[in-house]
Amino acid sequence: MSEPRPAVHEQTVEGHGTVRVLPLDPSADADVVHRWVSEERAAFWGMNGLTRDQVADIYAHLDTLDTHHAFLVHRDGVPAALLQTYAPEADRVSECYDVRPGDIGVHLLLAPPGPEGARPGWTSGLLASVTAYVLLGLDRQRIVVDPDVRNTKAVARFLKQGFEPGPVVTLPEIDLPDVYLPEKKAQLAFLTRETAFGGRGAGGRTPRSAPTR
């Protein structure tokens, strides 16, 4: 990742630096992503036990889709999170709730804390920046998330950020040549643009976004 790449979103998070959302490079970013998804704390991401090349292949396949996108989120130039967005109508979650026009799905995996440990307020600032990109930068009306119901930390994190809890649903198994997803019991949660920003901007922060493909 020595060569800079254009960010689709850049935003200053007060007290925490500059957040930049970069399109994921399946090859160049494979090492860092594989390291994150291989940790026990990332078990709910569903990639424990995969090799680096298998992880790279999954994201290379994702890169061919028009409905699903992956990003590496940086804080002051250091990888800080893995972000995935998707069109709910093209995803298995559509079998479990009524998709509205303007909905967008989000998956978010945080990087492990650095040597300095967790920084108070950082997760909230990161989620605010991701929310600004997804709802304002991509001009969407509502975010849907579907964390595993057992992943209580992720569920609590979204609810603290203002997401409204939806139903607990069972996402069906997907077994295709290019992708396998086991059945998952998920807690749906939703965040509308009106709730997040109230018709205003990005909460006083400074976002700059560019459209994705």
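Restricting to Cα pairs below 8 Å that are 6+ residues apart, what does the relative contact order work out to for segment 39-121? Please round to a whole percent. About 21 percent, as a whole number. Inter-label distance, Arg100 to Leu50: 3.2 nm, where each label sits 7 Å from its Cα along the C-beta direction. Need the C-alpha centroid separation for segment 147-174 versus segment 1-48, integer Å. Computed from Cα coordinates, the inter-centre distance equals 21 Å. A simple charge model with +1 on the Cβ of Lys and Arg, -1 on the Cβ of Asp and Glu and nothing else charged puts the dipole of the chain at about 900 debye relative to its Cα centre. Using the Karplus relation 6.51 cos²θ - 1.76 cosθ + 1.60 with θ = phi - 60°, the per-residue 3J(HN,Hα) values for segment 75-90 come to 10, 6, x, 10, x, 10, 6, 10, 10, 10, 10, 7, 7, x, 5, 9 Hz, with x marking Gly and Pro. Suppose we flag GluC sites (Glu not before Pro) only when DSSP calls them loop and at most 15 other Cβ atoms lie within 10 Å. Which is the longest uninterrupted stretch of the chain? Result for the longest clean stretch: 40-115.
Remark on the chain: Rg and Dmax equal 16.3, 45 Å (Cα only). Across segment 9-205, Cα pairs under 8 Å and at least six residues apart give a relative contact order of 18 percent.
Placing +1 on the Cβ of every Lys and Arg and -1 on the Cβ of every Asp and Glu, with nothing else charged, gives segment 24-98 a dipole about its Cα centre of roughly 280 debye.
Readers should treat all values here as calculations from the given coordinates under stated rules, not as data from a laboratory. Since we're looking at a predicted model, the values are computed, not measured. Counting neighbours? That spans all protein chains shown, and the Cβs are built from the backbone with ideal geometry, glycine included.
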